[in-house]
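To start, the structure itself, in C-alpha cells.
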Amino acid sequence: MKWTAWMVAAIGLLALGCNGPKALVKRGFELETAGQIEQAANLYYSAVLKDRSHVDALASLQRAGQGVLNMRLEDFQSAVTLNDRAEAVRTYEAAEAYFDKIAAVNVRLDFPERYKLAFNQVKSAHMDDLYEAGMEDLAGEHFVDALAKFEEVVRLDPSFRDAALQADIAYCEPRYRGGKVALEAGQFRTAHRQFEEVIARKADFKDAGTMKQEALDLGLFTVAVIGFQNGSDRPNLENKFRTYVMQEMANSSDPFLKVVDRENQQMILQEQQLALSGMLDENTAVEVGGLLGAKALLKGTVVSYEASQSELRRYTRQGFESYQVERVNSEGKKYYETLYRGVTYMEFEQSRSVSVTFNLTLISLATGETLASEMITRSDDDAIRFVKYTGNRSKLYPANMSGSVNKSGQRELQALLGARQELTAESTLLNNAVKASSTAIREALERNLLELVP
C-alpha cells in the first residue's frame, strides 16, 4: 500500500512537471523554431498564467506574441489594400483583442499608431457603406437585412447618425405589422406578444402600447370559480382546495387569465345553487355568463383522499462501544489502547403518506359545452429512521456483516442517533399535496388557454 501511494504521488508530480511553466516554455520554443508561432505563443501564454513572474515565459510570450500581432496587422493591411472594409474591420478588431489579451498578463506588445489611424478611416467608410445599404434595405422592406446592417453600425459607433433609430424601426416595424394582422385574425395572444416585443425595444413606437392593450382586452378570458364539491371522507377539503386554487390562479403568469371578483354576495348564492344542481345547459350558461361577466366556469370535485401510516418498526442491532485501557510499554511509558465491547442498540423506522385526486371541469359560459376536463392526483410523504442507545452515544459503532467493528459506518450511525423521531404531521403533508394539486390545476388551465386564446 505504501509503495502504491508513493507511485501515485510520483506520477502526479511528473504530470505537474510536464505542464509546469518551464516545460511549457520548452515545448513552445520547439514549436516556435518549427515556425508555428501562434501555437508557441499559446503555450507561452499558458506558462505565464501559471507563473506571472517566470522570466523566460514572459520574454518568450513577448517575442512570439509580437509575431502573432504582426500577422494580425498584416491581415488588416491586406484587407485595406483590397478595399474589403468589412474584413479590414474584422481583422483589426482581432488584432486589438489579441493585444489586450496579452496586455492583461502585463506583457506589452508594440501596436504602431499608424494602424489605429488607418482603422479609423476604414471604419468610418465602412459605416457609411452599411448605413446607406441599410436604408436601401429598409426602403425595400428587407427588415432582417436592414437590422443586421444598422446594428453593426451601432456596435462600431453608437452615435453614428441616426443608425440606432433606424435599427429600432427595422426591428419594430415587421413585428408591429404582424401584431396588427394577428389582431384582425382574432389571434390575440400572438398579437399581444408581437406588440410586447415592439414596446420592449422602443416604448413609443407608433401606437404599439394601445394595440397591445386592445389585444389583451379582446382576448381576456375571465373564469368564475364556483364552490367545489367534496367526494372524499375528509371534511372541508373542498374549501381548502378552493383557497389554494384561487391563490394559484391569481399568481398566473398568463396575462389573459382573469378570475371573477366574488364580492357580490347574491352572485355567490347563485353560484352555489348552480353548483348544487349540477345542471348547466346552453340557456343557463349564457345567463350565468352575463351575470358573472365570465367566459367560463371552473367546477371541481375532490374525488378522493387517502392517508396511510406504517407501524413504528423496531430492530435490535448489534454494535460496539469503544473504550480505552491504560497500558505500559517496554520502556515503562504509559499509553492508551482502544478496545471495543459488544452492545445492542435500537433502530426505528416509520413512514406516512397522503394522496388527493381532484377532477376539474372548465365549462363555456357562451355555449355550455365542456372546454376541458382533467383528473389530477398529487401526493406527499415522509419517512423517519432513527437510533436510540442508552450508553455513550459518541463511542457507538455499528457492526459489519462479519460481526466486527464497522468504523466507516460510525458517521451514518451518529447521524441516526441525532435524527428526528417524529413524522411530519398529516395536515402538513395534506397542505403540500393540495398546493401541488392547485399548481397542476393552474397549469392545466394555462395549457388549455393557449388553445382557447391563440
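In the set (1) in contact with a Phe, Trp or Tyr (Cβ under 6 Å, 6 or more places away or on another chain); (2) in the same structural domain as Gly368 (by TED's automatic domain parsing); (3) modelled with pLDDT of 95 or more, the condition left unmet by Ala208 is number (2).
Checking Glu347, Glu331, Glu311 one by one, the residue that is assigned to a strand (DSSP E or B) and in the same structural domain as Phe228 (by TED's automatic domain parsing) is Glu347 and no other.
Of all the residues in the range 191-227, those that are free of Cβ contacts under 8 Å to residues at least 40 places away in the same chain, assigned to a loop (DSSP other than H, G, I, E, B) and over 30 Å from the mean Cα position of the chain (by Cα) number 4. Of all residues in the range 155-167, which are crowded, with 18+ Cβ neighbours inside 10 Å and under 33 Å from the mean Cα position of the chain (by Cα)? Ala167, the sole residue that qualifies.
Taking the numbered list (1) among the charged types (D, E, K, R); (2) under 26 Å from Ala444 (Cβ atoms); (3) part of a helix (DSSP H, G or I); (4) in contact with a helix residue (DSSP H, G or I) (Cβ under 9 Å, 6 or more places away or on another chain) in turn, Arg234 passes all entries but (3). When you check Gly179 against the structure, is it part of a helix (DSSP H, G or I) and modelled with pLDDT of 95 or more, yes or no? In short, yes. Do the conditions hold for Leu423, that is, is it among the aliphatic types (A, V, I, L, M), in the same structural domain as Gln318 (by TED's automatic domain parsing) and more than 18 Å from Ser310 (Cα to Cα)? Spelling it out, it is not the case that Leu423 is among the aliphatic types (A, V, I, L, M), in the same structural domain as Gln318 (by TED's automatic domain parsing) and more than 18 Å from Ser310 (Cα to Cα).
Applying the criterion of being touching a Phe, Trp or Tyr at 6+ places or on another chain (Cβ under 7 Å) and either of a type in the set (Gly, Ala, Ser) or not assigned by TED's automatic domain parsing to the domain that holds Tyr45 (or both) to the residues of the range 80-108, the residue that is farthest from Ala41 (Cα to Cα) is Ala88.
Being in the same structural domain as Tyr176 (by TED's automatic domain parsing), surrounded by 14 or more Cβ atoms within 10 Å (Cβ to Cβ), assigned to a helix (DSSP H, G or I) and not hydrophobic (A, V, I, L, M, F, W, C) is a property that does not hold for Asp56. Residues being surrounded by 15 or more Cβ atoms within 10 Å (Cβ to Cβ) and farther than 30 Å from Lys299 by Cα are represented in the range 360-383 by at least one member. Looking only at the range 429-448, decide whether some residue is hydrophobic (A, V, I, L, M, F, W, C) and not in a helix (DSSP H, G or I). No - not one qualifying residue is present in the range 429-448. Quick one: would you say Leu257 is surrounded by fewer than 18 Cβ atoms within 10 Å (Cβ to Cβ), within 31 Å of the chain's Cα centre (by Cα), of a type in the set (A, V, I, L, M, F, W, C) and farther than 30 Å from Asn120 by Cβ? It is false that Leu257 is surrounded by fewer than 18 Cβ atoms within 10 Å (Cβ to Cβ), within 31 Å of the chain's Cα centre (by Cα), of a type in the set (A, V, I, L, M, F, W, C) and farther than 30 Å from Asn120 by Cβ. Being acidic (Asp, Glu) and assigned to a loop (DSSP other than H, G, I, E, B) is the filter here, so list the residues in the range 158-176 that pass it. Scanning the range 158-176 gives a single hit, Asp162.
Of Asn106, Asn83, all but one fail to be more than 41 Å from the chain's Cα centre (by Cα), at positive phi and part of a loop (DSSP other than H, G, I, E, B); the exception is Asn83. Consider Leu429 carefully, then state whether it is closer than 30 Å to Ser322 by Cβ, surrounded by 13 or more Cβ atoms within 10 Å (Cβ to Cβ) and touching a strand residue (DSSP E or B) at 6+ places or on another chain (Cβ under 6 Å). For Leu429, the condition - closer than 30 Å to Ser322 by Cβ, surrounded by 13 or more Cβ atoms within 10 Å (Cβ to Cβ) and touching a strand residue (DSSP E or B) at 6+ places or on another chain (Cβ under 6 Å) - is not met. Summed over the range 115-132, the residues that are aliphatic (A, V, I, L, M) and surrounded by 15 or more Cβ atoms within 10 Å (Cβ to Cβ) give a count of 4.
The set of residues in the range 343-356 that are within 24 Å of Glu443 (Cα to Cα) and buried (at least 19 other Cβ atoms within 10 Å of the Cβ) comprises Val354, Val356. Based on what the data block shows, is Leu396 in contact with a helix residue (DSSP H, G or I) (Cβ under 7 Å, 6 or more places away or on another chain), assigned by TED's automatic domain parsing to the domain that holds Glu238 and closer than 30 Å to Arg442 by Cα? It is false that Leu396 is in contact with a helix residue (DSSP H, G or I) (Cβ under 7 Å, 6 or more places away or on another chain), assigned by TED's automatic domain parsing to the domain that holds Glu238 and closer than 30 Å to Arg442 by Cα.
Any chance the range 168-180 includes a residue that's over 25 Å from Ala94 (Cα atoms) and surrounded by fewer than 13 Cβ atoms within 10 Å (Cβ to Cβ)? Within the range 168-180 (the criterion being over 25 Å from Ala94 (Cα atoms) and surrounded by fewer than 13 Cβ atoms within 10 Å (Cβ to Cβ)), the answer is no, since none of the residues qualifies.
The values are calculated or read from the model by the stated rules, or taken from the named source; none is laboratory data. Note that the structure is a prediction, hence the values are computed from the model and not measured. Because the Cβ atoms are built from the backbone with ideal geometry, glycine has one as well, and the counts that use them run over all protein chains shown.
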